[in-house]
Amino acid sequence: MADANWYVVHTYSGYENNVKANIEKTIINRNLQEKILEVKVPMENVIEMKNGVRKAVEKKLFPGYVLINMVMDDETWYVVRNTRGVTGFVGPGSKPVPLSETEMKPLGIRTENISVDFEEGDTIIAVAGAWKDTVGVVRRMDFSKQTVTINVEMFGRETPVEISFAEVRKQN
């Protein structure tokens, strides 16, 4: 099987999440899990001031665009191109151009797989990022996204937090 690459799809502005949901439904309906691996709407955390109150909100990094990690062939091209809300792939003419490794790095999307020495139920510690020095028990691991989910106590409640494999290590 050919290698999967990241492609950029142009959508109607404001329809990014609908396009993502529609493509994910189609992946399941047409059994394309092996060809279309991941669909992302890149988001960034921004602090907004409204009425003198600071509020953290998530905003789309690229309004009007969706990133798709897929094996490009006639079937996957047709499925994505004919999804409601999609206006086309980004590239010259009708030929989609995959993103390069250098273009992917600033987006925080890793293309290399990180192998880990822990599993569900193990205790880990965050060594980088927003949750640095946070200790938690692994609740779920997502190898396709290269993330681990742990529960963190916030405001007296257990809250699930997703952290990249690159930012954690097994606690001794």
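The values are calculated or read from the model by the stated rules, or taken from the named source; none is laboratory data. In this text the structure is predicted, and so the values were computed from the model without any measurement. Note that each Cβ is placed from the backbone with ideal geometry, even for glycine, and that neighbours are counted across all protein chains shown. Heavy atoms of the whole protein, side chains included, go into the accessibility calculation; ligands, DNA and RNA do not. Shrake-Rupley method; radii C 1.70, N 1.55, O 1.52, S 1.80 Å.
A residue that is out of contact with any Asp or Glu (no Cβ under 7 Å at 6 or more places or on another chain), without any contact (Cβ under 8 Å) to a residue 60 or more places away in the chain and assigned to a strand (DSSP E or B) can be found somewhere in segment 31-41.
Between Ser100, Ser94, the distinction of being under 18 Å from the mean Cα position of the chain (by Cα) and among the polar types (S, T, N, Q) belongs to Ser100 only. Hey, among Leu32, Leu67, Leu61, which residue is over 19 Å from Gln146 (Cα atoms), within 14 Å of the chain's Cα centre (by Cα) and open to solvent by less than 80 Å² (accessible area, probe 1.4 Å)? After applying the criteria, what remains is Leu61.
Results for (1) open to solvent by 80 Å² or more (accessible area, probe 1.4 Å); (2) modelled with pLDDT under 90; (3) among the hydroxyl-bearing types (Ser, Thr, Tyr), shown as yes or no for each residue.
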position	(1), (2), (3)
Val90	no, yes, no
Ser94	yes, yes, yes
Glu103	yes, yes, no
Arg110	yes, yes, no
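Restricting segment 132-153 to residues that are in contact with an Asp or Glu (Cβ under 8 Å, 6 or more places away or on another chain) and at pLDDT below 80, which is surrounded by the fewest Cβ atoms within 10 Å (Cβ to Cβ)? Filtering first and then ranking leaves Ser144.
So which of Val80, Val116, Val138 is closer than 20 Å to Thr26 by Cβ and among the aliphatic types (A, V, I, L, M)? Result of the check over Val80, Val116, Val138: Val80. Residues that are part of a loop (DSSP other than H, G, I, E, B) and open to solvent by 60 Å² or more (accessible area, probe 1.4 Å) within segment 73-88 comprise Asn82, Arg84, listed in sequence order. The residues of segment 154-169 that are open to solvent by 80 Å² or more (accessible area, probe 1.4 Å) and over 23 Å from the mean Cα position of the chain (by Cα), listed by number, are Phe155, Arg157, Glu158.
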